[in-house]
1. Restricting to segment 73-91, name every residue that is out of contact with any Lys or Arg (no Cβ under 7 Å at 6 or more places or on another chain) and either assigned to a strand (DSSP E or B) or open to solvent by 70 Å² or more (accessible area, probe 1.4 Å) (or both).
2. Return the residue satisfying two criteria in turn: it lies in segment 40-71 and is part of a loop (DSSP other than H, G, I, E, B) and basic (Lys, Arg), and of such residues it is farthest from LYS22 (Cα to Cα).
3. Does LYS119 satisfy the condition of being in contact with a Pro (Cβ under 8 Å, 6 or more places away or on another chain) and under 27 Å from VAL49 (Cβ atoms)?
4. Got a number for residues in segment 83-108 being modelled with pLDDT of 90 or more and more than 24 Å from ALA141 (Cα to Cα)?
5. Pairs please, first residue from segment 61-87 and free of Cβ contacts under 8 Å to residues at least 60 places away in the same chain and closer than 18 Å to ILE185 by Cβ, second anywhere and in a loop (DSSP other than H, G, I, E, B) and open to solvent by 40 Å² or more (accessible area, probe 1.4 Å), Cβ atoms under 9 Å, 6+ apart in sequence or on different chains.
6. Would you say LEU159 is buried (at least 18 other Cβ atoms within 10 Å of the Cβ), assigned to a helix (DSSP H, G or I) and within 17 Å of the chain's Cα centre (by Cα)?
7. Do you know which residues across segment 90-121 are in contact with a helix residue (DSSP H, G or I) (Cβ under 6 Å, 6 or more places away or on another chain) and among the hydroxyl-bearing types (Ser, Thr, Tyr)?
8. Looking at segment 1-48, which of the residues that are among the basic types (Lys, Arg) and over 20 Å from the mean Cα position of the chain (by Cα) is modelled with the highest pLDDT?
Amino acid sequence: SKCKSSLKINVIHELRTSAIIKLEIAEGRVSDLTFARGIVDELTEGDLVLRDLGYFILDTLEKIRNKKAFFISRYKSSATIFLTSNDNKGIDLGRYLGCAYAQSPNQTFDKVVYMGLEKIAVRMVAYKMPFEIANSRRCKAKRDAVKRGYMATAGRLSLCDYVILITNVPQDMVKAEVIGTIYRIR
């Protein structure tokens with residue numbers, strides 16, 4: 001987006017039929033959020049939407065659910081997580097996952113949590129990253145924070161140890177170990 005000649009291509013692609021449902025071209029400076037809500041009108045019951053972080057808007061995920069469609073998205077670290085819908089205070093997700101993995105180090109984390117002030121119920125699936133990859137992600141997070149003029153918090157750095165996905169796909173439909181594989185299709 002720093003280049004004068006950049007552009008952004010937003011595509012809604014139907015994987016089963018290889019059809020392009022929607023194709024939009026915009027200036028490179030345009031935020032992905034501009035396109036985030038556009039998929040809702042295209043959905044039919046049972047569809048699966050794979051979302052990148054640039055498209056992360058909680059109310060849009062709820063609209064996808066209301067259309068009886070499914071989503072898999074990366075977790076945006078700024079979104080507050082509650083363990084129950086009655087909780088008043090969000091958790092430190094990095095610390096929480098650290099404790100969960102200390103008790104069951106070879107397990108995939110898979111739990112229903114509540115996101116945002118609206119406390120939207122989502123299934124959170126987390127995978128522990130190998131140390132080398134997690135360390136590389138921490139270095140990048142620190143560099144990015146300095147570039148933006150702040151220090152990366154300990155909580156943000158601890159999240160670099162995990163790939164964290166949120167979904168509304170039921171546990172009995174797709175196992176946690178497969179959610180990440182499906183997301184990589186994106």
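The values are calculated or read from the model by the stated rules, or taken from the named source; none is laboratory data. Just so it is clear, the structure is predicted and the values come from calculations on it, not from any experiment. Every residue, glycine as well, gets a Cβ built from its backbone with ideal geometry; the counts of neighbours run over all protein chains shown. To get the accessible areas, we keep the full protein, side chains included, count just its heavy atoms, and leave off ligands, DNA and RNA. Shrake-Rupley method; radii C 1.70, N 1.55, O 1.52, S 1.80 Å.
1. Across segment 73-91, the qualifying residues are ARG74, LYS76, SER78, ILE81, ASN86, ASN88, LYS89.
2. If we take residues in segment 40-71 being part of a loop (DSSP other than H, G, I, E, B) and basic (Lys, Arg), then LYS68 is farthest from LYS22 (Cα to Cα).
3. Details: in contact with a Pro (Cβ under 8 Å, 6 or more places away or on another chain): no; under 27 Å from VAL49 (Cβ atoms): yes.
No; evaluated as a whole, the condition is false for this residue.
4. Of the residues in segment 83-108, 7 are modelled with pLDDT of 90 or more and more than 24 Å from ALA141 (Cα to Cα).
5. Correct list of pairs: ALA69/THR44; ALA69/GLU45; ALA69/GLY46.
6. Here the answer is yes, as LEU159 does meet what is asked.
7. Correct list: THR108 only.
8. So the first thing to find is which residues in segment 1-48 are among the basic types (Lys, Arg), and the list is 2, 4, 8, 16, 22, 29, 37.
Now narrow it down to the ones that are over 20 Å from the mean Cα position of the chain (by Cα): 2, 4, 8, 16, 22, 29.
Values: LYS2: 58, LYS4: 66, LYS8: 84, ARG16: 82, LYS22: 87, ARG29: 82.
Selected residue: LYS22.
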